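The values are calculated or read from the model by the stated rules, or taken from the named source; none is laboratory data. Nothing here was measured: the structure is a model prediction, and the numbers come from that model. Because the Cβ atoms are built from the backbone with ideal geometry, glycine has one as well, and the counts that use them run over all protein chains shown. To get the accessible areas, we keep the full protein, side chains included, count just its heavy atoms, and leave off ligands, DNA and RNA. Shrake-Rupley method; radii C 1.70, N 1.55, O 1.52, S 1.80 Å.
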Amino acid sequence: MAENLPSPGEQVVIAKPALQSVFKALDSAGYTLIAPVLRNEAIIYDEVSSVDELPIGWTAETGPGHYRLEQRGDESFFGFPAGPSTWKGYLYPSRLKLFSVSKNGGGYQTVPNQDVSPSYAFIGVRACELAAIAIQDRVFIEGPFQDPHYEARREKAFILAVNCTEPGETCFCASMGAGPRCTQAFDLALTELRDAFVIEIGSPLGARMLLDVEWSFAGALELGRADQKITDAENQMGRTLDTSDLPGLLYDNLEHPRWDDVAERCLSCTNCTLVCPTCFCSDMKDISDLTGANTERVRVWDSCFNPDFSYVHGGHLRPNIRARYRQWLTHKLASWIDQFGTSGCVGCGRCITWCPVGIDLTEEIAAIRDEA
Amino acid sequence: MSTAAKPRLAVYKFASCDGCQLSLLDCEDELLAVAGAVEIAYFVEARRQTLAGPYDITLVEGSVTTEEEIERIKEVRRQSRFLVAIGACATAGGIQSLRNWIDVNDYVNTVYATPEYIDTLATSKPISDYVEVDFELRGCPISKYQLLELVTSLLIGRLPHLPSHSVCQECKARGTVCVTVAQGIPCLGPVTLGGCWAICPAFNRGCYGCFGPVEDGNPIALGEQFMALGQTGAQVSRAFRGFNGYAPVFRQASEYFEDK
């Protein structure tokens, strides 16, 4: 059969309903499928078993502090901008037990978390999200210390990417060089046409998921249409960010009055960091029973906007909202580059959309640049 | 607390609904462990027998609203090694602190058939306005998990691990979509201390601020956003003037928006 499968780099066309066979193949291969679904007035990621659960025909209007579902009036499977969920929530869960410790005679016994990590198939990963996963790989796997929990989930994950054809009002992935075209590693990457999907094969594993699917090699017409849709998306970004020498701009303007201005508006509520697909800060909690004989160490999401985050003996290192917002933005766009070699921002726009008061980092940067 | 005798626990009630002290009985699975770890010396809702002080841990529910309560809280303080104020009434004055903005006699005359029976202070104020408080547990009602964590930490002799984050962090951790951004519902979550596991937004309701203000929050900016979403100043003021309305940060916000 193998000779009947396309090879990595090749592009094929399938009918839209045939995507269900890909879902079935993933399910048979033991994957838990996570895909966009319509829930709680938004398009979020959750477990699915059928393509019928995708938000077919739906999109969302986005803006600063604003998100509203809308019907498209067509039958698009992936015709919406990214919602509030991130794949980070699956690779780096909001709460994870690391180990437990029990008192044992005179000493104690430590038992690491030996839960088998789940095998996820991520359906509909956008280019900006692929870029975000690559950034978290650098943080959790490729640095001097490896996070075994992230690494195990990441290595097992199957990625069915989608070239974005529907950027939102808060999107600027093109400015960040992160999208809308999927260029980072994936197993399969779809481009949605009106009646078909063009699928680029990213790996032999991805090709195997087409075993029960009727496919044909994409012709010039389909490839041209797919390419046009992605190019159109690139030209429809709702936002732009001038990235030229952002580190220099921010490091030279640490006392810029704009930080006071944004501090008046910022709630320090942590939403931007938690919807950000690259923010990775965590805290450790030791949870013991009443006698202290049994304790669990749990890792939970944390945020640089939390009062306790930068509290050390003697007081707060970053004692107010101005200091916290400045730290977040400066890390995201400048010192992240010093630390990890790339920007920490992929231009997905989530921090703009899901900020309850609609603070827009592209606007903040533009203001600092204009008045610098 | 590592003496041979079990630490003695007392639970006192002031002006309140009893919901917070019932959180202790609500511990169910852990209740026997608590009863095994401490001597429940004074807890009239749980034990008919009452033992005289002093007590190692005293949980105080309710706000101070009468002259008699002022004297009683002073005596409770004298009898207590660790005095812990529990719940919105004990830590902020509770919903009954609405009286602090008006003439209480208007309420008394409206509510009671025989107002002359009522002997009350003009204000409802938190326990810490009258005596030194060692620790506060927020919430309306408090979280039983936080109560257990507090008792555990006191028994072991370490600091309790309690959240300093906003309700938003709990919505995001549990995967609740923001009701303000996606539905335009005013929600106090961004300026409210977490601890409730963000229960209201999970049911498509805005946060009511049960756990009181988060440290270093920005309620004025949030209130301005509510007005941008179409609320009147009076509505914004009322949103802040809830169970924790008399907590200083919410009090200032409610007064700021009152005439906007």
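See the values below:
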read-out: Residue in the stretch A:202-218 that is farthest from the chain's Cα centre (by Cα), counting only those that are surrounded by 20 or more Cβ atoms within 10 Å (Cβ to Cβ) and not in a loop (DSSP other than H, G, I, E, B); value: A:A207
read-out: Residues that are touching a strand residue (DSSP E or B) at 6+ places or on another chain (Cβ under 6 Å) and in a loop (DSSP other than H, G, I, E, B), drawn from the stretch A:166-201; value: A:G168, A:E169, A:T170, A:C182, A:F186, A:D187
read-out: Out of A:N306, A:N271, sole residue that is modelled with pLDDT of 95 or more, within 8 Å of another protein chain (Cβ to nearest Cβ), open to solvent by less than 60 Å² (accessible area, probe 1.4 Å) and within 26 Å of A:F99 (Cβ to Cβ); value: A:N306
read-out: Scope the stretch A:124-166; condition without any contact (Cβ under 8 Å) to a residue 24 or more places away in the chain and aromatic (F, W, Y); matching residues; value: A:F145
read-out: Failed item in (1) within 11 Å of chain B (Cβ to nearest Cβ); (2) at positive phi, with A:G341 passing the rest; value: (1)
read-out: Residue match in the stretch A:346-369 (condition: in contact with a Gly (Cβ under 8 Å, 6 or more places away or on another chain) and away from chain B (no Cβ under 14 Å)); value: yes
read-out: Any hit, the stretch B:175-192, residues being buried (at least 24 other Cβ atoms within 10 Å of the Cβ), more than 9 Å from chain A (Cβ to nearest Cβ) and closer than 22 Å to A:C281 by Cβ; value: yes
read-out: Near pairs, Cβ below 8 angstrom, 6+ apart or cross-chain, from the stretch A:27-53 (farther than 28 Å from B:Q183 by Cβ) to any residue that is open to solvent by 60 Å² or more (accessible area, probe 1.4 Å) and among the hydroxyl-bearing types (S, T, Y); value: A:D27/A:S49
read-out: A:A18 away from chain B (no Cβ under 11 Å), open to solvent by less than 60 Å² (accessible area, probe 1.4 Å) and out of contact with any helix residue (DSSP H, G or I) (no Cβ under 8 Å at 6 or more places or on another chain); value: yes
read-out: Residue in the stretch B:111-154 that is most open to solvent (accessible area, probe 1.4 Å), counting only those that are part of a helix (DSSP H, G or I) and under 17 Å from B:T65 (Cβ atoms); value: B:Y117
read-out: Some residue of the stretch A:74-83 being assigned to a strand (DSSP E or B) and open to solvent by 50 Å² or more (accessible area, probe 1.4 Å); value: no
read-out: Qualifying residues in the stretch B:193-205 (those that are in a helix (DSSP H, G or I) and crowded, with 21+ Cβ neighbours inside 10 Å) - the one nearest to the other protein chains (Cβ to nearest Cβ); value: B:P201
read-out: Failed item in (1) in contact (Cβ under 8 Å) with a residue 60 or more places away in the chain; (2) within 20 Å of the chain's Cα centre (by Cα); (3) within 10 Å of another protein chain (Cβ to nearest Cβ), with A:R299 passing the rest; value: (3)
read-out: Hits in the stretch B:237-252 - residues which are among the aliphatic types (A, V, I, L, M) and within 15 Å of B:G206 (Cβ to Cβ); value: B:A239
read-out: Qualifying residue in the stretch A:30-44 (condition: over 18 Å from the mean Cα position of the chain (by Cα) and open to solvent by less than 20 Å² (accessible area, probe 1.4 Å)); value: no
read-out: A:K103 open to solvent by 10 Å² or more (accessible area, probe 1.4 Å), basic (K, R), outside any helix (DSSP H, G or I) and away from every other protein chain (no Cβ under 14 Å); value: no
read-out: In the stretch B:106-163, residue nearest to B:G93 (Cα to Cα) [restricted to those that are among the β-branched types (V, I, T) and within 14 Å of chain A (Cβ to nearest Cβ)]; value: B:V151
read-out: Cβ pairs under 7 Å, 6+ apart, first in the stretch B:14-25 and free of Cβ contacts under 8 Å to residues at least 24 places away in the same chain, second in a helix (DSSP H, G or I) and surrounded by fewer than 23 Cβ atoms within 10 Å (Cβ to Cβ); value: B:L25/B:L31
read-out: Qualifying residue in the stretch A:314-327 (condition: at pLDDT below 95 and either touching a strand residue (DSSP E or B) at 6+ places or on another chain (Cβ under 6 Å) or away from chain B (no Cβ under 14 Å) (or both)); value: yes
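Table: residues versus (1) within 13 Å of chain B (Cβ to nearest Cβ); (2) in a strand (DSSP E or B).
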{"position": "A:D27", "(1), (2)": "no, no"}
{"position": "A:S49", "(1), (2)": "no, no"}
{"position": "A:E70", "(1), (2)": "yes, yes"}
{"position": "A:Y90", "(1), (2)": "yes, no"}
